[in-house]
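Reviewing the structure listed below.
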Amino acid sequence: MIEFKKINKIYNTGDVETRVLKDISFKIDKGEFVAITGPSGSGKSTMMHIIGALDTPTNGKYFLDGHDVSKFTDDELADIRKDKIGFVFQSFNLLPRATVLRNVILPLIYSEIKPEQREEMAKKALFAAGLPEDRWNHLSNQLSGGQMQRVAIARALVNNPSLILADEPTGNLDTSTGEIVLNTFRELNRKDGHTIVLITHEADVAAYADRIIYLRDGVIINK
């Protein structure tokens, strides 16, 4: 499903060249739960941006579902993000004065899906994310951190994406709440077969995945 072939990412600032990713090659199969981890400055955020079609490599090839994303235009990358990738971020990124249901429906607003179908899709995603139904009409700023992250997971699921990309999803949560969220990802992977890529600098968080790709200084140490 995901394949990197000799991916390099180089940033140039004046006369200074910084090579952040160095000949990175790996594969992630459909239905895998994989963590990408490493210390600060290892290149994992840059890798996340490329996987999420938020950035392109300097050279090398990135295939997602058989498409060479590394050659896509900005508009094509936007379509990939909209149709194939569900994002879950550390900061939740919810609208505070909108209800839970409205937050999950929002990615569907500009689609051709009928309003009543959008609501059904949002409810299905909220069930899958494990948020109790009695919270669906609450404003998102009335929820706990763990509940907000479950709403963010539901929003990532609502388009039925090929890939769920979670960037430090427990970073703003306490340990016990983080465990609940990580178990939600595990359940989505094992029960529903979602492909999940988890970006984290914490070894105990990475351990929830079935496979760990470890980066150091822009190079894969272990995969």
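Laboratory data are not the source of any read-out in this text; all were calculated from the coordinates shown. Model, not experiment: these values are computed from the prediction. No Cβ is skipped: glycine too gets one built from the backbone with ideal geometry, and neighbour counts run over all protein chains shown.
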Go through (1) free of Cβ contacts under 8 Å to residues at least 40 places away in the same chain; (2) under 28 Å from Tyr214 (Cβ atoms); (3) aliphatic (A, V, I, L, M) and name the single condition Ile113 misses.
(2)
In segment 35-49, what residues are under 12 Å from the mean Cα position of the chain (by Cα) and either in a loop (DSSP other than H, G, I, E, B) or surrounded by fewer than 22 Cβ atoms within 10 Å (Cβ to Cβ) (or both)?
Ser45, Met48, His49
Sort out which residues of segment 1-24 are without any contact (Cβ under 8 Å) to a residue 24 or more places away in the chain and part of a strand (DSSP E or B), and write them in order of number.
Tyr11, Asn12, Thr13, Val16, Glu17, Thr18
Where residues in segment 16-31 are surrounded by fewer than 14 Cβ atoms within 10 Å (Cβ to Cβ) and touching a strand residue (DSSP E or B) at 6+ places or on another chain (Cβ under 7 Å), which of them is farthest from Ile196 (Cα to Cα)?
Glu17
Residue hits (segment 105-120; crowded, with 19+ Cβ neighbours inside 10 Å and out of contact with any Lys or Arg (no Cβ under 8 Å at 6 or more places or on another chain)) are Arg118
